Amino acid sequence: MSINSVTVFCGASLGHQDIYQKAAIELGVFFAKNNIDLIYGAGKIGLMGVIANAVLKENGQVIGVIPELLKREEVVHPEITKTILTKTMSERKFIMSKMTDAYIALPGGFGTLDELFEALTLQQLYIEKKPVGILNVNGFFDPLIQQLTLMIEEGFLKLKNREMLIIDASVEGLMKKLNTYQAPEANNIIDKVVKK
């Protein structure tokens, strides 16, 4: 598949280690140099601001999508290519899903995990067929990966659904996997429900 735009979920904080900022910069530079538009939450703070600045510095395109309730001068990035205002968080996610070819999660908090798992749930229900990946910088997502393994062992998650989550510790490795992703085919029951 051809990836022309990626929605990135990441923290509005920088984290305690520089390695997270370096990863965000590396990903942003990769996007710009490969003509991939960044779609994200429109922030200028935390890792959100770091990746946006990295793309902009290399003359790439950055599209921010933000609910009106979060639009504050100290939060919204004033220099991005385009800012889209929405009424709700749900509308924000819907617009992002319509604009993007893939999803990537960088380290972050509740919001990052919420967005990541919503994207995975859309895959599981065959509503979307877009690759979803995590850039596992510094082993940040290792405990999460262990939790998913436990969910499989305890019968709450199917292995084929766990395999929808693409994992790599390097930008190039992750992007290669996203580009070669093949979405699973919907089974007949789910297919009929979704198409109604």
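Read-outs: derived from the displayed coordinates by stated rules, not from any lab. Note that this is a predicted model, so its numbers are computed, not measured. In this analysis, Cβ positions are derived from the backbone assuming ideal geometry, glycine residues included, and neighbour counts consider all displayed protein chains.
A few remarks follow.
- Anisotropy class of the stretch 1-116 from Cα gyration tensor, a/c 1.5 cut: rounded
- Amide H contacts of T83: G64, each under 5 Å away and 5 or more positions distant or on a separate chain (H built 1.01 Å from N in the peptide plane; Pro and chain starts excluded).
- Each Lys and Arg contributes +1 and each Asp and Glu -1, all at the Cβ; summed about the Cα centre of the stretch 123-181, the dipole is approximately 280 debye.
- Along the axis of the charge dipole computed for the stretch 1-120 (Cβ charges of +1 for Lys and Arg, -1 for Asp and Glu, origin at the Cα centre), the listed residues G49, P67, T112 are led at the positive end by P67.
- Among the listed pairs K57/K129; K44/K177; K130/K158; K33/K176; K22/K176, those beyond 24 Å (Cα-Cα): K57/K129; K44/K177
- Cα gyration tensor category, rounded, prolate or oblate, for the stretch 116-191 with a/c compared to 1.5: oblate
- Charge dipole (Cα centre; +1 on Lys/Arg Cβ, -1 on Asp/Glu Cβ; no other charges) of the chain amounts to roughly 560 debye.
- Degrees between helix 110-124 axis and first principal axis of the chain (Cα, 0 to 90, nearest 10): 40 degrees
- Close amide H pairs (under 5 Å, H built 1.01 Å from N) link D168 with I134, N136, residues at least 5 positions away or on another chain.
- Between the residues S97, I134, I145, the greatest Cα displacement towards the positive end of the dipole of the stretch 78-173, with unit charges on the Cβ of Lys, Arg, Asp and Glu, is found for S97.
- Under 16 Å from K87, Cα to Cα: aspartates and glutamates that are on another chain or at least 8 residues apart: E68
- Cα-Cα pairs of the stretch 61-101 separated by more than 15 Å (percent): 39 percent
- Most mobile of G133, G111, G11 in a GNM of the chain (Cα contacts under 10 Å): G111
- Annotation for the stretch 133-166: trypsin sites (Lys or Arg not before Pro) lying in DSSP loop with at most 13 further Cβ atoms inside 10 Å of their Cβ are K158.
- The distance linking the stretch 49-77 with the stretch 131-171 is 28 Å (Cα centroid to Cα centroid, whole angstrom).
- Helix 18-33 and the longest principal axis of the C-alpha atoms of the chain enclose an angle of approximately 90°.
- Each other residue within a Cβ distance under 14 Å of N35 adds +1 if Lys or Arg and -1 if Asp or Glu, for a net charge of -2.
- For I84, the shell of other residues with beta-carbons less than 13 Å away shows a net charge of +3, using +1 for Lys and Arg and -1 for Asp and Glu.
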